[in-house]
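*Asks:* Take a look at the following structure, please.
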Amino acid sequence: MGITNFNREHRRGLSSVVGAVFMILVMIGALNVALLAIKQQDKVTQAVVEKSNSNVGKLNEAIKISEVRVTASNKLNMTVTNTGGATAKLVSVYIVNETASPKVQYRYDLNNIPVDGRVSVPNVGSNLALTIKNNMKYSVKVVTAAGNSATTGITPISQVALPMSLTIIPPTVVPGANVTVLFTVTNNLTDYNLPVPLTPTLSHTLSCSPVGTGCQFIDKITPSSQTIQKGSTAIFQWVTWVNGPDGTVLTFNASLTNAKPGNFVITKSNVQIVTQAQGSFQAEQIVGADLLVKPEVFPIFPGPFGESTTSLALWGVSIANPVNQTMKVSRVVFTLTSPDAQGNQYQLIFPNASPNCGQNVALQVLYPSHGTWTCPGTGIMMWRDTANPEQIAPYTAQSFLVRVQPGIVASDEPAFITGVTVFTSYGQFAKTGYAGNMRDNGGVIGNVYLTNTQTPATALISSPTNHMFGNMSSLRSGVPFLFNVTLADLDSSTSTKIKSGATLIVNVPQGFTNVNVTSSAGFTGITKKTFTDGSTHIEATLVSDLGGPTTSPDAKILSFKATPPAVVRPTVFLMHTLTDGVTTDATPFSVDAFGGFALVVRP
Amino acid sequence: MATGVIGSFLVAWANSSFAVQSLNITTDAANRINLIKESYVIEDVWFNGTSPNQHEYITIRNSGDLAIKVTKIYVNNTQVWSTGQTITAGSYGTITINQLAPAWGADKAQSIWVLTERGTEAKQVWKS
């Protein structure tokens with residue numbers, strides 16, 4: 001029993017310990033549960049953070065379709081731009097035919113194409129076949145893996161009208177000149193893209209007819225197709241050569257291939273000839289103009305007008321009609337004035353009636369064959385036909401040519417005054433301010449003129465078949481023409497000559513191209529210069545004295561070819577021919593024959 | 001003796017209770033995490049056909065890390081579908097709905113409301 005009591009005494013408080021142990025165990029379990037709850041809460045918090053980050057990334061995507069087009073091989077081609085900061089992954093594209101009824105939708109996977117922040121990725125969807133119909137509009141949507149999307153539209157040009165303008169440069173066109181046509185097209189669409197390059201079209205018409213050499217366009221530069229982005233403007237340029245009569249209306253109609261009906265622009269222009277009054281000797285080209293109602297007069301004078309008993313000098317005048325009406329010439333008067341100390345006129349041309357206009361030989365008529373040549377006063381030589389005036393067709397020219405015996409002077413006349421006056425249906429017009437010269441004891445008769453032969457002996461003949469001409473009227477645009485320019489000593493004395501070294505000068509009018517000397521027998525030192533205005537200057541120097549000793553008269557012919565310019569109607573050009581030299585006299589006398597020769601170029 | 005018995009019972013009951021609580025905590029946490037991680041978008045809604053043969057094609061992209069199960073779809077606040085369709089992570093699924101009542105008209109705004117099994121929802125307006 002003692003032992004029992006002892007044990008009881010020693011076991012006092014054990015239950016408390018046991019209870020405490022159980023409590024500790026329970027508390028440990030509770031603590032574990034609490035820790036687990038905290039840990040799970042932490043996981044939830046972590047998940048929230050990750051979701052927030054994901055949402056931020058999604059919000060940082062900002063994609064747009066900056067360009068969409070369809071290639072020539074009917075493949076979609078997009079450029080997708082991500083203006084956000086997070087990488088977007090393109091996963092799908094939707095294409096909807098918005099015009100079809102019902103609408104038709106196509107969906108394609110894009111296989112997570114990455115588009116980094118602030119980067120554009122081209123050629124998206126370039127493996128997707130897409131054929132755009134001309135009468136259908138489409139919408140295109142790309143979707144990212146995060147669920148963001150961007151949408152744009154595609155429209156064929158046939159469904160929209162674009163602002164257009166057409167500019168013609170220059171506003172009025174000179175015949176035979178190039179015209180620049182600028183066609184401006186603006187893509188002002190906001191919701192739709194034009195998927196294919198735009199091909200400009202230009203039709204042009206002329207009000208003249210028939211269409212041909214003198215009435216036509218020749219396109220020289222045509223533009224190529226261009227893709228026009230939204231908000232952009234494209235300029236297409238044509239260069240076309242145009243030819244047409246004065247006043248021809250040019251109509252340009254520009255549009256786009258497959259454009260919406262009514263979407264075009266029309267601009268008109270005019271062909272207008274540049275008016276250029278050519279009233280002076282220095283003028284090198286005549287261009288007819290409706291407002292210039294007066295003839296152009298160009299003399300052909302000898303120099304020197306050598307005194308002779310048997311020979312005849314060539315006098316003439318080329319008259320150009322620059323208007324579109326027939327001009328009638330009823331009278332032509334040459335006036336040679338040389339007074340002596342007492343005011344008496346030298347008889348530069350004899351006022352004889354028989355032989356007509358000559359002391360020894362009569363005047364010889366070259367052209368025209370009708371009318372009457374007389375010398376009604378000292379130094380006056382006149383052609384007249386008031387009943388049947390010479391008619392000069394519109395925009396052409398005619399020459400009045402005559403050969404006459406030189407008169408008599410008491411002393412050398414280095415420079416007497418000459419002039420020519422023409423009386424026409426438009427009034428009278430004179431050309432003065434020229435000079436002639438004459439020796440008192442016979443001498444050279446220097447002349448320059450056009451001929452139709454390359455044989456010098458033939459070129460000296462004016463009757464019965466005339467080979468001396470003051471104009472050429474058979475030139476055609478673009479067709480090379482052979483010119484034979486003659487420098488002649490027409491007097492019959494073998495002792496009077498034009499000295500070697502004399503220069504023949506030919507001014508080929510501007511616009512004539514491919515000027516090439518083909519024959520220059522008797523000349524040397526041939527030079528050819530083309531000036532910036534397009535005219536060509538030919539010089540040739542006599543190799544030996546002209547006018548003897550075995551043959552006199554004598555001539556040398558300079559032949560050259562030149563291609564006349566393009567014209568739209570008969571147009572008169574002027575070719576000046578001059579000489580610069582001296583005679584072989586002991587006291588050299590100037591050789592200064594000159595002539596203005598009209599060249600009528602036809603289309 | 002009594003203390004031992006009572007204590008043993010208490011400990012046994014406590015462990016059992018704690019185990020249940022731990023399981024609940026773990027399950028709740030997992031559900032919440034899954035709910036949080038669930039992410040999807042209505043990628044496209046395509047209205048097609050004419051009444052009475054109208055169809056709606058609702059394409060849902062699962063942009064999250066877990067598979068989702070779409071359980072209900074409402075159009076203009078009317079439940080039109082409840083078949084249920086699972087969409088794996090990173091993929092998409094298109095759910096076809098036949099004939100809404102009332103019929104939708106062209107170029108009208110239609111409210112699309114998608115619910116998943118976990119309880120997330122997406123509501124957007126699409127033009128028919």
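Residue-wise test of (1) exposed (fewer than 15 other Cβ atoms within 10 Å of the Cβ); (2) modelled with pLDDT under 90; (3) assigned by TED's automatic domain parsing to the domain that holds A:MET78.
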| site | (1), (2), (3) |
| --- | --- |
| A:CYS208 | no, yes, no |
| A:ASP219 | yes, yes, no |
| A:THR227 | no, yes, no |
| A:THR251 | yes, no, no |
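*Asks:* Look at A:GLN40 and say whether it is surrounded by 15 or more Cβ atoms within 10 Å (Cβ to Cβ) and within 9 Å of chain B (Cβ to nearest Cβ). Give the derivation first.
*Replies:* Numbers: surrounded by 15 or more Cβ atoms within 10 Å (Cβ to Cβ): yes; within 9 Å of chain B (Cβ to nearest Cβ): yes.
Yes; evaluated as a whole, the condition is true for this residue.
*Asks:* Among the listed residues B:THR59, B:THR27, identify the single one that is at the interface with chain A (Cβ under 8 Å from one of its Cβ atoms), closer than 30 Å to B:THR116 by Cβ and of a type in the set (S, T, N, Q).
*Replies:* B:THR59
*Asks:* Determine whether B:THR94 is more than 7 Å from chain A (Cβ to nearest Cβ), assigned to a helix (DSSP H, G or I) and among the hydroxyl-bearing types (Ser, Thr, Tyr).
*Replies:* Working: more than 7 Å from chain A (Cβ to nearest Cβ): yes; assigned to a helix (DSSP H, G or I): no; among the hydroxyl-bearing types (Ser, Thr, Tyr): yes.
So B:THR94 does not fit the description; no.
*Asks:* With respect to the numbered conditions (1) of a type in the set (Ser, Thr, Tyr); (2) buried (at least 19 other Cβ atoms within 10 Å of the Cβ); (3) under 25 Å from B:LYS123 (Cβ atoms), which one is the sole condition not fulfilled by A:TYR138?
*Replies:* (3)
*Asks:* Here's another thing I want to ask about it. Within the range A:482-501, which residues are among the charged types (D, E, K, R) and farther than 12 Å from A:GLY306 by Cβ? Quick ask: steps written out before the conclusion?
*Replies:* Going through the range A:482-501, the residues among the charged types (D, E, K, R) turn out to be A:489, A:491, A:497, A:499.
If the condition is that a residue be among the charged types (D, E, K, R) and farther than 12 Å from A:GLY306 by Cβ, then A:LYS499 is the only one that fits.
Condition check ((1) of a type in the set (A, V, I, L, M); (2) loosely packed, with under 14 Cβ neighbours inside 10 Å; (3) out of contact with any helix residue (DSSP H, G or I) (no Cβ under 8 Å at 6 or more places or on another chain)) across all residues:
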residue	(1), (2), (3)
A:LEU35	yes, yes, yes
A:GLU50	no, no, no
A:ASN55	no, yes, yes
A:LEU76	yes, no, yes
A:VAL91	yes, no, yes
A:TYR94	no, no, yes
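*Asks:* Could you check the range B:72-92 and list, in sequence order, the residues that are crowded, with 17+ Cβ neighbours inside 10 Å and either under 12 Å from the mean Cα position of the chain (by Cα) or modelled with pLDDT of 95 or more (or both)? Reasoning before the result, please.
*Replies:* Taking the range B:72-92 as the starting set, the residues that turn out to be crowded, with 17+ Cβ neighbours inside 10 Å are B:73-75, B:80-81, B:87, B:92.
Once the filter is applied, which keeps residues that are crowded, with 17+ Cβ neighbours inside 10 Å and either under 12 Å from the mean Cα position of the chain (by Cα) or modelled with pLDDT of 95 or more (or both), the range B:72-92 yields B:ILE73, B:ILE87.
*Asks:* Which residues, taken from the range A:99-127, are part of a strand (DSSP E or B), more than 30 Å from B:GLN54 (Cβ to Cβ) and free of Cβ contacts under 8 Å to residues at least 40 places away in the same chain?
*Replies:* Let us first name the residues in the range A:99-127 that are part of a strand (DSSP E or B), namely A:104-115, A:119-124.
Subsequent filtering for residues that are more than 30 Å from B:GLN54 (Cβ to Cβ) retains A:111-115, A:119-124.
Within the range A:99-127, A:ASN111, A:ASN112, A:ILE113, A:PRO114, A:VAL119 meet the criteria.
*Asks:* Now, a different point. Determine which member of the set B:SER51, B:SER128 is out of contact with any strand residue (DSSP E or B) (no Cβ under 9 Å at 6 or more places or on another chain), within 14 Å of chain A (Cβ to nearest Cβ) and either among the aromatic types (Phe, Trp, Tyr) or touching a residue at least 40 places away in the same chain (Cβ under 8 Å) (or both). Talk me through it step by step, then tell me what you get.
*Replies:* Working: B:SER128 fails: out of contact with any strand residue (DSSP E or B) (no Cβ under 9 Å at 6 or more places or on another chain).
That would be B:SER51, the only listed residue that is out of contact with any strand residue (DSSP E or B) (no Cβ under 9 Å at 6 or more places or on another chain), within 14 Å of chain A (Cβ to nearest Cβ) and either among the aromatic types (Phe, Trp, Tyr) or touching a residue at least 40 places away in the same chain (Cβ under 8 Å) (or both).
*Asks:* For residues that are surrounded by fewer than 22 Cβ atoms within 10 Å (Cβ to Cβ) and of a type outside the set (Ser, Thr, Tyr), scanning just the range A:543-556, find the one that is modelled with the highest pLDDT.
*Replies:* Taking the range A:543-556 as the starting set, the residues that turn out to be surrounded by fewer than 22 Cβ atoms within 10 Å (Cβ to Cβ) are A:543-545, A:548-552.
Now narrow it down to the ones that are of a type outside the set (Ser, Thr, Tyr): A:543, A:545, A:548-549.
On the way: A:VAL543: 94, A:ASP545: 91, A:GLY548: 70, A:PRO549: 66.
Only one residue tops the list, namely A:VAL543.
*Asks:* Quick one: which strands (runs of 3 or more DSSP E) sit completely within the range A:395-507 and have at least 1 residues that are among the charged types (D, E, K, R)? Before the answer, list the steps.
*Replies:* Working: elements: A:397-404, A:413-424, A:427-438, A:446-451, A:471-476, A:481-489.
Here the list reads A:397-404, A:413-424, A:427-438, A:471-476, A:481-489.
*Asks:* Residues of the range A:77-98 being assigned to a strand (DSSP E or B) and more than 47 Å from the chain's Cα centre (by Cα), which ones? Step through it out loud before you land on a result.
*Replies:* The first filter runs over the range A:77-98 and keeps only residues assigned to a strand (DSSP E or B), leaving A:77-82, A:88-97.
The answer is A:ASN82, A:ALA88, A:LYS89, A:LEU90, A:VAL91, A:SER92, A:VAL93, A:TYR94, A:ILE95, A:VAL96, A:ASN97.
*Asks:* Anything in the range A:140-193 that is closer than 15 Å to A:ILE266 by Cα, in a strand (DSSP E or B) and either touching a helix residue (DSSP H, G or I) at 6+ places or on another chain (Cβ under 7 Å) or in contact (Cβ under 8 Å) with a residue 60 or more places away in the chain (or both)? List them, or say none.
*Replies:* Of everything in the range A:140-193, those that are closer than 15 Å to A:ILE266 by Cα, in a strand (DSSP E or B) and either touching a helix residue (DSSP H, G or I) at 6+ places or on another chain (Cβ under 7 Å) or in contact (Cβ under 8 Å) with a residue 60 or more places away in the chain (or both) turn out to be A:MET164, A:SER165, A:LEU166, A:THR167, A:ILE168, A:VAL181, A:PHE183, A:VAL185.
*Asks:* Could I ask something else about it? For the range A:220-246, give me each residue that is closer than 22 Å to A:PRO156 by Cβ and among the charged types (D, E, K, R).
*Replies:* The answer is A:LYS230, and nothing else.
The values are calculated or read from the model by the stated rules, or taken from the named source; none is laboratory data. Note that the coordinates shown come from a computational prediction; the quantities given were computed from them, not determined experimentally. FYI the Cβ positions are ideal-geometry reconstructions off the backbone, even for glycines, and counts take in every protein chain you see.
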